[in-house]
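Undergrad: Below is a structure I'd like to ask you about.
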Amino acid sequence: MTMSFHALNCPPAVRSSVKKNKTQIRNPSVAAQISSVPIHCDESGNLLESKRNLALKRCQAPNPLLSQRNTVGIIGGVSAFSTLIFLEKLVLWSSKDGQECMPFVVCSDPAISKGLPVLGSIHSFNSKNDKIQFNHGPIVGNLQRKRVFLEQSGARCIVMPCHLSHAWHSEISEGCSLPFLHVGDCVARELSEAKLRPLEAGSDVRIGVLATPAASISGFYQEKLRSQGFEVVLPDQASMQHIVLPAIEAMNRRDIEGARNLLRIAIQLLLVNYKVG
């Protein structure tokens, strides 16, 4: 695998500092680019403060790894497994008709899960207030840094294949210079474009949502779907405890068939109890 890197644009003042630290520049083309930034001095030969800060900022700013217009930046989920599932779908979707997969940059950090409550339990988030009281500040800060990294890496849009992380989407995306897709918006838009019809005349289309407890309680799916005119129904607590959560646990164990069978039961219960559709 061959990887090329652009030379840094550092001013002579920084270059002289590097020489004092006995760091050698062996590539003459790099040295040429390093000396290409104009430096403005006052009458005493001192760097003007504003120009020096600008030059240093240019030196410190990373060059993008990728420059294609369709580069996707991906913030990995709390579970690496969910990230891999998304990558598989992205590659299959973008490689149709013999085309190469679109370029992407992934930033995944398993350390994020260390600051979370025990996942997979309906008691992890018993209410919206619990979610607010939970100290998610360090996690949000971590995800914000990853977002900035992806912006600087040349991504043209950012996605986050993790339901739990979307509970803080507005905080993570604050100040983002790129389109930052929200999974709830994407699902609601797809369903709206599908032109679904209600089972009963005069009623809204009902959408059943099967999700982790954290995603259900944070309510972003319900909010996005209702904004499109849908009625949202959720499984009751017994179904969550005895069917949905065991299905999630089966998925985590890579027991795909077991998870599929449990989810079929959960879907059937929603259809019977709420006449979803």
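Undergrad: Which one of Ala266, Ala214, Ala259, Ala247 is in contact with a helix residue (DSSP H, G or I) (Cβ under 9 Å, 6 or more places away or on another chain) and under 30 Å from Glu151 (Cα atoms)?
TA: Ala214 is the lone residue from the list that is in contact with a helix residue (DSSP H, G or I) (Cβ under 9 Å, 6 or more places away or on another chain) and under 30 Å from Glu151 (Cα atoms).
Undergrad: Additional query: Please go through the range 163-188 and pick out each residue that is of a type in the set (D, E, K, R) and assigned to a helix (DSSP H, G or I).
TA: Glu171, Asp185 - these are the residues of the range 163-188 that are of a type in the set (D, E, K, R) and assigned to a helix (DSSP H, G or I).
Undergrad: I've got another one for you. With the requirement that a residue be assigned to a loop (DSSP other than H, G, I, E, B), closer than 25 Å to Arg260 by Cβ and either free of Cβ contacts under 8 Å to residues at least 40 places away in the same chain or touching a Pro at 6+ places or on another chain (Cβ under 9 Å) (or both), what does the range 189-204 give you?
TA: Ala194
Undergrad: Name the single residue that is nearest to the chain's Cα centre (by Cα) among those in the range 227-241 being farther than 15 Å from Pro213 by Cα and assigned to a loop (DSSP other than H, G, I, E, B).
TA: Gln228
Undergrad: Which of the residues that make up the range 206-226 are in a loop (DSSP other than H, G, I, E, B), at pLDDT below 90 and among the β-branched types (Val, Ile, Thr)?
TA: Across the range 206-226, the qualifying residue is only Thr212.
Undergrad: If the requirement is being at pLDDT below 50, charged (D, E, K, R) and not assigned by the TED database to the domain that holds Glu249, which of these qualifies: Lys57, Lys114, Lys146, Lys96? Can you show your working first?
TA: On the way: Lys114 fails: at pLDDT below 50; Lys146 fails: at pLDDT below 50; Lys96 fails: at pLDDT below 50.
Just a single option satisfies the conditions, and that option is Lys57.
Undergrad: Could you grab me the full set of residues in the range 240-254 that are modelled with pLDDT of 90 or more and open to solvent by less than 60 Å² (accessible area, probe 1.4 Å)?
TA: Listed by number, the residues that qualify are Met240, Ile243, Val244, Leu245, Pro246, Ala247, Ala250.
Undergrad: Just name the residue that is surrounded by the most Cβ atoms within 10 Å (Cβ to Cβ) out of those in the range 59-108 that are of a type in the set (Gly, Ala, Ser) and more than 29 Å from Arg253 (Cβ to Cβ).
TA: Gly73
Undergrad: Considering only the range 164-188, state which residues are in contact (Cβ under 8 Å) with a residue 60 or more places away in the chain, open to solvent by 30 Å² or more (accessible area, probe 1.4 Å) and more than 19 Å from Pro103 (Cβ to Cβ).
TA: none
Undergrad: Taking the range 217-231, which residues are on the phi < 0 side of the Ramachandran plot, open to solvent by 20 Å² or more (accessible area, probe 1.4 Å) and not aromatic (Phe, Trp, Tyr)?
TA: Narrowing the range 217-231 to residues on the phi < 0 side of the Ramachandran plot: 217-218, 220-228, 230-231.
From what's left, open to solvent by 20 Å² or more (accessible area, probe 1.4 Å): 217-218, 221, 223-224, 226-228, 230-231.
Correct list: Ile217, Ser218, Glu223, Lys224, Arg226, Ser227, Gln228, Glu231.
Undergrad: Still on this structure: Being farther than 22 Å from Val183 by Cα and open to solvent by 70 Å² or more (accessible area, probe 1.4 Å) is the filter; apply it to the range 262-273 and report the residue that is nearest to the chain's Cα centre (by Cα).
TA: Arg264
The values are calculated or read from the model by the stated rules, or taken from the named source; none is laboratory data. Quick caveat: nothing in here was measured; it's all calculated off a predicted structure. As a convention, Cβ positions derive from the backbone with ideal geometry for all residues, glycine included, and neighbour counts pool all protein chains shown. Keep in mind that these areas ignore ligands, DNA and RNA; they rest on the heavy atoms of the full protein, side chains included. Shrake-Rupley method; radii C 1.70, N 1.55, O 1.52, S 1.80 Å.
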